[in-house]
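Peer 1: This is the structure I want to talk about, given as structure tokens.
We did not get these values from a lab; they are worked out from the coordinates using the rules stated. Owing to the predicted nature of the structure, the values given are computational and were not obtained by experimental measurement. Here the Cβ positions follow ideal geometry from the backbone for every residue, glycine too, while neighbour counts run over all protein chains shown.
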Amino acid sequence: MGDPKLVNDLAQRAGVSPADAEAVLEALSSLAPERLPAEDRYAPGPRDVEALIAAAEKHPLGLEFLLDGDLSAVAITFQTHAFTVDAARQQLKRDAR
């Protein structure tokens, strides 16, 4: 079995069972057996996240679209990386608590 935290995070984000998430991870690992070094992975900065949230607040579709819209559609609409969309969603959910 892979990293349990990774499997559970993927399952939760994708809305699938942990077993299905693990199967997807195994399939992907067979396609790309070498993982990227951490320094090669994209990680949005706080300014990127804040800029996206500010843009969504001004956009006709609003924060609801940022939070609930299709990930690809949101990223394309705001011309940003999908990881930035995900980080903004997490930030907004943390702020709502």
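Peer 1: On a 0 to 90° scale, report how tilted helix 82-96 is relative to the longest principal axis of the chain, with both axes built from alpha carbons and the result rounded to the nearest 10.
Peer 2: In the chain, helix 82-96 runs at an angle near 70 degrees to the longest axis.
Peer 1: How big is the Kirkwood radius of the chain, worked out from every pair of different alpha carbons and given in Å to one decimal?
Peer 2: 15.0 Å
Peer 1: Which ordering of ASP9, ASP86 is given by a fewest-first count of other beta-carbon atoms within 10 Å?
Peer 2: ASP9, ASP86
Peer 1: Still on this structure: With the cut-off at 1.5 for a/c, could you classify the stretch 46-96 from its C-alpha gyration tensor as rounded, prolate or oblate?
Peer 2: rounded
Peer 1: At a 10 Å Cβ-Cβ cut-off, how would you order THR77, THR84, fewest neighbours first?
Peer 2: Going from least to most buried by this count: THR77, THR84.
Peer 1: Could you point to the residue in ALA75, PRO44, ALA56 farthest towards the positive end of the chain's charge dipole, with +1 and -1 charges on the Cβ of Lys/Arg and Asp/Glu respectively?
Peer 2: My answer, from the dipole projection, is ALA56.
Peer 1: Order of ASP3, ASP95 from fewest to most other C-beta atoms within 10 Å?
Peer 2: Listed from fewest to most nearby Cβ atoms, that is ASP95, ASP3.
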